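Down below is the structure, laid out as structure tokens.
Throughout, read-outs are computed from the coordinates displayed, never taken from laboratory work. Please read these numbers as outputs of a predicted model, since none were measured by experiment. Quick reminder, even Gly has a Cβ in these numbers, built from the backbone with ideal geometry, and neighbours come from all protein chains shown.
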Amino acid sequence: MKIFYDPKLKELARQLRNNSTKSEIRLWQRLKRNQMYGYDFHRQKPIDKFIVDFFCNKLQLAIECDGYSHQIVEVWEKDVKKTRRLNEMGIQVLRFSDYQIMNDLENVLRVIEDYILAYEANDFTPPLIPPC
């Protein structure tokens, strides 16, 4: 599927890739080079008017790493709008807190694997993610 984005976001996405958080780096180590069931993930991918932390076009899956700032109401509301818009485009969003990624990476990976297995079985209902 062709993904459209605001070209103004390209440079910001590059800057974000060069200034990744510890949790983004940790998760990227497990997603890059087709390590997840052979699926190709990209970092800091512009989509529409947003940038998602990780994206797999074939799975139509965005993965977001949420730091402490995402607990602030205004940031949380932006996250909700972003997720809604991506869902409207047919993209599913999995969100994980930095804490989950840094302290429970195996279960984070298990949720991503569950999504992939459901996708491959043609059951596109995304798995439930425990609250942060």
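Residues Leu86, Leu117, Leu109, arranged from fewest to most other Cβ atoms within 10 angstrom of their Cβ, appear as Leu117, Leu109, Leu86.
Of all DSSP beta bridges confined to the chain, the antiparallel ones make up roughly 55%.
Averaging the sequence gap over all C-alpha pairs within less than 8 Å and six or more residues apart, then dividing by the number of residues, gives the chain a relative contact order of 20 percent.
Relative to 2.2 N^0.38 Å, what does the C-alpha radius of gyration of segment 1-62 come to as a ratio? Two decimals please.
Working: Rg = 11.6 Å, N = 62, 2.2 N^0.38 = 10.6 Å.
Taking N as the residue count of segment 1-62, the ratio is 1.10.
Net charge of the neighbourhood of Arg85, taken over other residues with C-beta under 9 Å away and scored Lys/Arg +1, Asp/Glu -1, is +2. Overall, the ratio between the Cα radius of gyration of segment 9-120 and 2.2 N^0.38 Å, rounded to two decimals, is 1.00. Run lengths n ≥ 4 of DSSP H only: what is the helix-derived mean residue ellipticity at 222 nm for the chain, with -39500 (n - 2.57) per run over all residues, to the nearest 500? For the chain, the value works out to -13500 deg cm²/dmol.
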